[in-house]
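The values are calculated or read from the model by the stated rules, or taken from the named source; none is laboratory data. Everything numeric here is computed off the predicted structure, so don't read it as measured data. Neighbour counts run over all protein chains shown; Cβ positions are idealised from the backbone, glycine included.
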């Protein structure tokens, strides 16, 4: 049993903290509710309650909801909550007034006190099969993202240079960036042989883009029924 | 990320982790040698005043279980669990040591480390190897020590004697009659040690404050049993044995010092007897006085630092430890995984630096001017345009690019397709041309850029992520009996440029020796100069699954020294 020493949780120092690479530890307190991906809870201590189909989500993210129910649940209560997404790396961010757009499948949890909204990524939805939903969060509070593999943060820089991202690898970006879809079709690739990179998202402006080292964008939390 | 410590580095443990339940792993090894790794719980005088705090294979834990030895695991030769907030107050320092069992010397040890794991993450690592040592038979690897707060120091100090000498140095064997006998082993053992026992070993790394020596000389000379409280604030009433408490200059003043009066009967010379920390203690005149309990342990081995706490006195402010648990008399069973955190009181909200940029800082892209740059284990960046030559990459492996880059289909050509189809060594490639940076990754696979400078390497096609178009590649055939398809195929790259090899999981790179074998399904790459021999052993696997032929193909490699093979922990 002692062999597990070193894996005990560290004392609470912040609302959200990493426990290892792929687990987030959230200090819950009543009055400070949390939205988390349905099915992401791996453990909790204390008195925490979950509401699977919160009305707030229905209001804000009505279009995101499919027949399977809402992708978000609301957690409230007092205690420690541990979330994970099938071993993906977790990144916790204290927004502190800033804003971030997060790919729906890469969003793990966020404070309910944040302003948030769901939008379909313009120009792209019709190409990317499952539809690319992104959640824009802003305000004072914490967000936890997942990334399959250690992510990389790239400055978009400025000027005319655009940054092109494989939509399957996209995790998050600064909402003030301009986004457009790009189809990299060329005459040669029209004849049945693509380069494999047919659609990209082009970002321009001042801000960052977070990308994961994997094109696996399947929503594991959603596959279970 | 783990902080890398070098010999002499030190840090507050609170800076490394907020946790107090720590796992300390030590890896040390040498061919044919065995090591005893132990943890000494020392008092303020650097002495093992309570031998229940000598935690080693025969005594797996301290009374209140704040120090436990866990055995070999997870790549560590020995490991400990340390619960800092349960360590009793009289223990001021934990010294992690490794001693040779049997013949040998420390210069023979291979690369090893001492690491601290907390909260599921490695937070500190002190790596060492045999080149730092010579003929020593023991080594003090690292210390946890209490100086206002618990700190960690990478010591890496060799020690000529073995475990016995180490024990003696810490006054361990004589713990029972410590007051009278402690000086004996102290001085007797001295010649045998490489470092003088006066704390030369630890002193440099701990930076003993030089303030101490000052009062000493004036004081050591008279050798009065009971120095008048008058001279200097330092020595006077401090004498009480168990604490080698030297009032820090300016810090604690005499009124605070006189703790329990006369515990051991006779008043003693006060702590700062040693002329200077870091010298072997010469026998001062007063040393041999009868009835003088324990001068030796009191010398300020570690440099009595300001604010050093001592039993019996209020802990200094930085200590901040509620005295709830872990006193010697109270063997209360600790909960196995540390105290359940329960409901946190007052969740910190928005503490610390905030903002997206801060949180993501560690994931920033690393700038270098090279053509191929590894961003992290799973991502590489290629700078196109530096020399204009295109890169071939597996289709779909681009995750992001900046600049003007074209991606086009790279056909293998007619002959290439025939070969590819027939051998299974075909690649769906795209050609990246233009100017800009392309980030490549695939399915969290670990990536390894291998730079070829005229040499050649064999890689199985499914493990190639990208390569410079300037490299020549061809399909190579390995023949042998008993292979399901009649032969094995592999890609050989040759020329000048870089190949990115991907592996699932952390691979192992083995040197080619007369007896190097690998599973044909797990082999990723090998240097092309080594010769491959099929040594298939046809046998029935116990868990042969339906459709599996039950044979395994082993490849044997032969070659001159310098050749290597790469094997991944995943069988495709």
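Answer yes if at least one residue in segment B:113-126 is farther than 17 Å from residue B:8 by Cβ, assigned to a helix (DSSP H, G or I) and over 14 Å from the mean Cα position of the chain (by Cα), and no otherwise.
No: zero hits.
Counting only residues that are outside any strand (DSSP E or B) and at negative phi, which one in segment A:34-51 is farthest from the other protein chains (Cβ to nearest Cβ)? Write out each step before concluding.
Step one: list which residues in segment A:34-51 are outside any strand (DSSP E or B), which gives A:38-40.
When the remaining residues are screened for being at negative phi, the result is A:38, A:40.
On the way: A:38: 23, A:40: 17 Å.
If we take residues in segment A:34-51 being outside any strand (DSSP E or B) and at negative phi, then A:38 is farthest from the other protein chains (Cβ to nearest Cβ).
Would you check which residues across segment B:391-401 are surrounded by fewer than 24 Cβ atoms within 10 Å (Cβ to Cβ) and part of a strand (DSSP E or B) and list them? Write out each step before concluding.
Going through segment B:391-401, the residues surrounded by fewer than 24 Cβ atoms within 10 Å (Cβ to Cβ) turn out to be B:392, B:394-396.
Within segment B:391-401, B:392, B:394 meet the criteria.
So residue B:80 fits all but one of (1) in contact (Cβ under 8 Å) with a residue 60 or more places away in the chain; (2) in contact with a strand residue (DSSP E or B) (Cβ under 8 Å, 6 or more places away or on another chain); what number is the exception?
Going through (1) in contact (Cβ under 8 Å) with a residue 60 or more places away in the chain; (2) in contact with a strand residue (DSSP E or B) (Cβ under 8 Å, 6 or more places away or on another chain) one by one, residue B:80 breaks only (1).
Residues that are away from every other protein chain (no Cβ under 12 Å), at least 1 per element: which strands (runs of 3 or more DSSP E) completely within segment B:1-89 meet that? Break it down into steps so the answer makes sense when it comes.
Values: elements: B:3-5, B:10-12, B:21-27, B:34-42, B:67-69, B:78-83.
It comes to B:3-5, B:10-12, B:21-27, B:34-42, B:78-83.
For the structure I just gave you, tell me whether residue B:53 is more than 28 Å from residue B:130 (Cα to Cα), touching a residue at least 12 places away in the same chain (Cβ under 8 Å) and in the same structural domain as residue B:168 (by TED's automatic domain parsing). So that I can check it myself, show each step before the final result.
On the way: more than 28 Å from residue B:130 (Cα to Cα): yes; touching a residue at least 12 places away in the same chain (Cβ under 8 Å): yes; in the same structural domain as residue B:168 (by TED's automatic domain parsing): yes.
Yes: the conditions hold for residue B:53.
Based on what the data block shows, is residue A:31 out of contact with any strand residue (DSSP E or B) (no Cβ under 7 Å at 6 or more places or on another chain), surrounded by fewer than 18 Cβ atoms within 10 Å (Cβ to Cβ) and within 14 Å of chain B (Cβ to nearest Cβ)?
On the way: out of contact with any strand residue (DSSP E or B) (no Cβ under 7 Å at 6 or more places or on another chain): yes; surrounded by fewer than 18 Cβ atoms within 10 Å (Cβ to Cβ): yes; within 14 Å of chain B (Cβ to nearest Cβ): yes.
Yes.
Got a sec? Which of A:74, A:25 is modelled with pLDDT of 85 or more, buried (at least 23 other Cβ atoms within 10 Å of the Cβ) and within 17 Å of the chain's Cα centre (by Cα)? Before the answer, list the steps.
Working: A:74 fails: buried (at least 23 other Cβ atoms within 10 Å of the Cβ).
One residue alone meets the criteria, A:25.
Do we find a residue being at pLDDT below 65, surrounded by fewer than 22 Cβ atoms within 10 Å (Cβ to Cβ) and either within 20 Å of residue B:442 (Cα to Cα) or within 11 Å of chain B (Cβ to nearest Cβ) (or both) anywhere in segment A:171-183? Give the derivation first.
Taking segment A:171-183 first, the residues at pLDDT below 65 are none.
Checked segment A:171-183: no residue is at pLDDT below 65, surrounded by fewer than 22 Cβ atoms within 10 Å (Cβ to Cβ) and either within 20 Å of residue B:442 (Cα to Cα) or within 11 Å of chain B (Cβ to nearest Cβ) (or both).
What is the number of the single condition among (1) under 23 Å from residue A:215 (Cβ atoms); (2) not in a strand (DSSP E or B) that residue A:90 does not meet?
Going through (1) under 23 Å from residue A:215 (Cβ atoms); (2) not in a strand (DSSP E or B) one by one, residue A:90 breaks only (2).
Exactly one condition in (1) over 18 Å from the mean Cα position of the chain (by Cα); (2) away from every other protein chain (no Cβ under 14 Å); (3) at positive phi is false for residue A:54; which is it?
Result: residue A:54 passes all but (3).
For every residue, the table says whether it meets (1) under 16 Å from residue B:523 (Cβ atoms); (2) within 14 Å of chain A (Cβ to nearest Cβ); (3) modelled with pLDDT of 90 or more.
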position: B:427; (1), (2), (3): no, yes, no
position: B:431; (1), (2), (3): no, yes, no
position: B:436; (1), (2), (3): no, yes, no
position: B:440; (1), (2), (3): no, yes, yes
position: B:443; (1), (2), (3): no, yes, no
position: B:451; (1), (2), (3): no, no, no
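Go through (1) surrounded by 24 or more Cβ atoms within 10 Å (Cβ to Cβ); (2) within 10 Å of chain B (Cβ to nearest Cβ) one by one and return the number of the condition residue A:135 breaks.
(2)
Scan segment A:186-213 for residues that are at pLDDT below 85, part of a loop (DSSP other than H, G, I, E, B) and either under 22 Å from the mean Cα position of the chain (by Cα) or away from chain B (no Cβ under 11 Å) (or both) and jot them down.
Filtering segment A:186-213 down to residues at pLDDT below 85 leaves A:186-201.
Now narrow it down to the ones that are part of a loop (DSSP other than H, G, I, E, B): A:186, A:191-198.
If the condition is that a residue be at pLDDT below 85, part of a loop (DSSP other than H, G, I, E, B) and either under 22 Å from the mean Cα position of the chain (by Cα) or away from chain B (no Cβ under 11 Å) (or both), then no residue fits.
Take the conditions at the interface with chain B (Cβ under 10 Å from one of its Cβ atoms) and either in contact (Cβ under 8 Å) with a residue 12 or more places away in the chain or buried (at least 22 other Cβ atoms within 10 Å of the Cβ) (or both) and apply them to residue A:6. Does it pass? Show your work before the answer.
Values: at the interface with chain B (Cβ under 10 Å from one of its Cβ atoms): yes; either in contact (Cβ under 8 Å) with a residue 12 or more places away in the chain or buried (at least 22 other Cβ atoms within 10 Å of the Cβ) (or both): yes.
In short, yes.
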